1. Every residue in the stretch 89-127 that is more than 22 Å from Thr176 (Cα to Cα) and part of a strand (DSSP E or B), please.
2. Say whether the condition of being touching a residue at least 40 places away in the same chain (Cβ under 8 Å) and either small (Gly, Ala, Ser) or touching a Leu at 6+ places or on another chain (Cβ under 7 Å) (or both) is met by at least one residue in the stretch 126-139.
3. If Thr128 satisfies every condition in (1) within 28 Å of the chain's Cα centre (by Cα); (2) assigned by TED's automatic domain parsing to the domain that holds Ile95; (3) at pLDDT below 95; (4) not charged (D, E, K, R) but one, which is the exception?
4. When both residues are 6+ apart or on different chains and their Cβ atoms are under 7 Å apart, which pairs have a first residue that lies in the stretch 57-77 and is modelled with pLDDT of 95 or more, and a second that is hydrophobic (A, V, I, L, M, F, W, C) and not in a strand (DSSP E or B)?
5. Is it the case that the stretch 161-179 has a residue that's among the polar types (S, T, N, Q), more than 30 Å from Ser100 (Cα to Cα), modelled with pLDDT of 70 or more and in the same structural domain as Thr115 (by TED's automatic domain parsing)?
6. Quick check on the stretch 97-104. Is at least one of its residues buried (at least 16 other Cβ atoms within 10 Å of the Cβ) and over 30 Å from Glu26 (Cβ atoms)?
Amino acid sequence: MAKLGLRYYIAALFALCLTATFGRAEMILWSYQSGAAPSNIFLSGGPEAPTSSLLLGGMGNTQEHDSATVTVVRMLTAGNLFNFQNATSSLGLDIKDTASSAMHMFTFPVVFNGTANLGTHASNVTMTFPGGTSQSFTLGGNLYTVTLGPIHPLTWTSLGGNFPNAFLGEVDAHVTVGPSDAAASPEPSSLILAGMGIAFAAGASWRRRRRRAPQLAA
């Protein structure tokens, strides 16, 4: 009976380990598109100064899986002098859950302040996000959390062609995705620890029965 009970304990441990392994192997597929509105912020330095602008370019339909860091917008200047005074736009990340085809647009208002001078290559332009930098939404039973960052500020560079000198920047976001009921389900590590506990209890039970065996025989 002791050997039979031990076998049951070992079988239970094996099943727990398999559950943890297959749970980790499941892949959540999703895709996204991104951009900004407006995608071109025009800045006028006055009637005698040429108009400058900041271009905000997004990403086309891109496939991803599980958690990932993605590009929201890439920023490019056109002009020589820039003076941002509470210039606003709105960054958008449109996520589609592949299995369910459910979609949601994560929107982040952004405010630009500061100056940039192409002649001196100096920029102190800052970006602030009045509505916060993190949002969550459930799509097809999966909880998606989008957190802006890293954020690369406008930095001078030379691109050649039509943009021999310009300021470049980028706003990325980290997308975390997992089953929306994950909090109610045990983690794989918890299952393994539970299995270890079962094995320990099985071993202790087997040793107790072994010690009792001579007394019963007598």
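1. Ser89, Val111, Phe112, Asn113, Gly114, Thr115, Ala116, Asn117, Ala122, Ser123, Thr126, Met127
2. No, the conditions are met nowhere in the stretch 126-139.
3. (3)
4. Listed pairs, sorted by first residue: His65/Met27; His65/Ile28; Asp66/Met27; Asp66/Ile28; Thr71/Met59.
5. Looking for residues that are among the polar types (S, T, N, Q), more than 30 Å from Ser100 (Cα to Cα), modelled with pLDDT of 70 or more and in the same structural domain as Thr115 (by TED's automatic domain parsing), one finds at least one in the stretch 161-179, hence yes.
6. There is no residue in the stretch 97-104 that is buried (at least 16 other Cβ atoms within 10 Å of the Cβ) and over 30 Å from Glu26 (Cβ atoms).
The values are calculated or read from the model by the stated rules, or taken from the named source; none is laboratory data. Remember, predicted model here, so these are calculated numbers, not experimental data. Every residue, glycine among them, receives a Cβ derived from its backbone with ideal geometry; neighbour counts consider all protein chains shown.
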